[in-house]
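Below is one structure, written out as structure tokens; comments come after it.
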Amino acid sequence: MKRIGVLTSGGDSPGMNAAIRAVVRKGIYHDLEVYGIKYGYSGLIAGDIHKMELGSVGDIIHRGGTMLYTARCEEFKTLEGQQKGIEQLKKFGIEGLVVIGGDGSFQGAKKLTEHGFPTIGVPGTIDNDIPGTDFTIGFDTALNTVIDAIDKIRDTATSHERTYVIEVMGRHAGDLALWSGLADGAETILIPEADFDMDQIVSRLNRGQERGKKHSIIMVAEGVGNGFDFGKRISEATNMETRVTVLGHIQRGGSPTGFDRVLASRLGAKAVDLLLAGEAGVTVGIQNNKLVHHDIEEILSQNHQIDLDMYKLSQELSI
Ligand code: ADP
């Protein structure tokens with residue numbers, strides 16, 4: 001293998017730049033030529049493909065977002081779109097590809113491998129919802145962004161003696177809500193992986209008030225429902241003054257944490273090693289602090305598992 005490509009696809013996450021840097025530098029370290037493909041699969045189809053040098057990835061390790069830009073591309077879901085992408089890769093003499101993104105992007109990577117083009121997936125998403133890895137690139141940064149926001153909201157919640165509902169990202173995965181809620185002592189955490197009982201939530205809030213608690217934080221993962229609806233239901237059921245904050249896209253931005261930079265560097269470099277070892281159709285990950293790789297088909301057939309013991313602990317600590 002002489003020439004490889006790298007692209008970022010789907011939702012951006014902090015640390016993607018550090019992963020791109022690792023792919024480029026590890027590739028060049030091994031005397032490969034590395035090509036950056038802009039705008040995900042859209043840029044692949046369009047041939048928006050550029051040779052990267054050591055300096056192309058200088059000064060990006062600490063930046064959020066992705067220097068290769070990202071996009072969603074419906075055309076790549078079709079056989080014709082995938083074939084156009086492979087034609088472009090061949091035109092540029094690229095023999096292996098690293099795709100940094102979430103499970104949607106991995107579907108595209110799987111298709112490329114099925115068509116005979118060696119592709120490796122690197123998990124980049126703030127949702128932490130990819131099986132086969134304990135952490136995805138960007139989760140730790142988003143977690144710390146949410147914690148910082150809750151700390152600030154808590155100051156106002158305490159001063160005004162209010163109940164705050166905070167909606168965080170996570171359509172199918174409650175990791176961000178669970179980890180940030182546990183880290184910030186939230187009274188209630190609602191995640192898509194666990195049923196909840198509104199009566200129980202209300203009685204817990206009332207119990208807290210009876211023992212002199214003056215404010216509460218309720219975390220809601222977006223997959224559970226709309227934060228404003230919960231706010232309304234809670235204020236009606238408890239008579240407590242309730243405010244709602246939807247954190248939105250601030251959760252996706254910002255300089256990556258040390259953890260995410262290191263994780264991204266390790267996973268990006270591992271993807272290059274795997275391509276050189278002749279692997280294809282696998283995703284990289286970290287489990288028990290060891291780098292691992294799994295068959296992409298197997299990963300895509302599994303559902304993300306949340307740590308239900310941690311969820312139980314969050315409930316035990318907020319009695
Ligand atoms: P994420 O990677 O963050 O989960 P998306 O689900 O939006 O983001 O997927 C990103 C892109 O991956 C899509 O816009 C599309 O180009 C590609 N993709 C998603 N699903 C498939 C599929 N079944 N086949 C081929 N490509 C796909």
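Please go through segment 68-125 and pick out each residue that is among the aromatic types (F, W, Y), closer than 15 Å to S42 by Cβ and more than 7 Å from the ligand (Cβ to nearest atom).
Y69
Pull out all pairs, ordered by first then second residue, where Cβ-Cβ is under 9 Å, the residues are six or more apart or on different chains, the first lies in segment 157-175 and is more than 14 Å from F139 (Cα to Cα), and the second is of a type in the set (D, E) and surrounded by fewer than 17 Cβ atoms within 10 Å (Cβ to Cβ).
Listed by first residue and then by second, the contacts come to H160/E241; E161/E241; R162/E241; T163/E241.
Being near the ligand (Cβ under 9 Å from one of its atoms) and modelled with pLDDT of 95 or more narrows it down to one residue among D134, D129; which is it?
Just one listed residue meets the conditions, D129.
For a quick check of your reading: which strands (runs of 3 or more DSSP E) sit entirely within segment 231-319 and have at least 1 residues that are closer than 28 Å to S216 by Cβ and among the aliphatic types (A, V, I, L, M)?
Per the criteria, 242-246.
For segment 1-96, list the strands (runs of 3 or more DSSP E) that sit wholly inside it and hold at least 1 residues that are more than 27 Å from I286 (Cβ to Cβ), of a type in the set (V, I, T) and in contact (Cβ under 8 Å) with a residue 40 or more places away in the chain; which are they?
Correct list: 49-52.
Scan L68, L79 and give me the residue that is of a type outside the set (S, T, Y), under 24 Å from T113 (Cβ atoms) and surrounded by 13 or more Cβ atoms within 10 Å (Cβ to Cβ).
Of the residues listed, the single one that is of a type outside the set (S, T, Y), under 24 Å from T113 (Cβ atoms) and surrounded by 13 or more Cβ atoms within 10 Å (Cβ to Cβ) is L68.
The values are calculated or read from the model by the stated rules, or taken from the named source; none is laboratory data. From a predicted model like this one, the values you see are computed outputs, not experimental measurements. Using ideal geometry, Cβ is built from the backbone for each residue, glycine included, and neighbour counts are taken over all protein chains shown.
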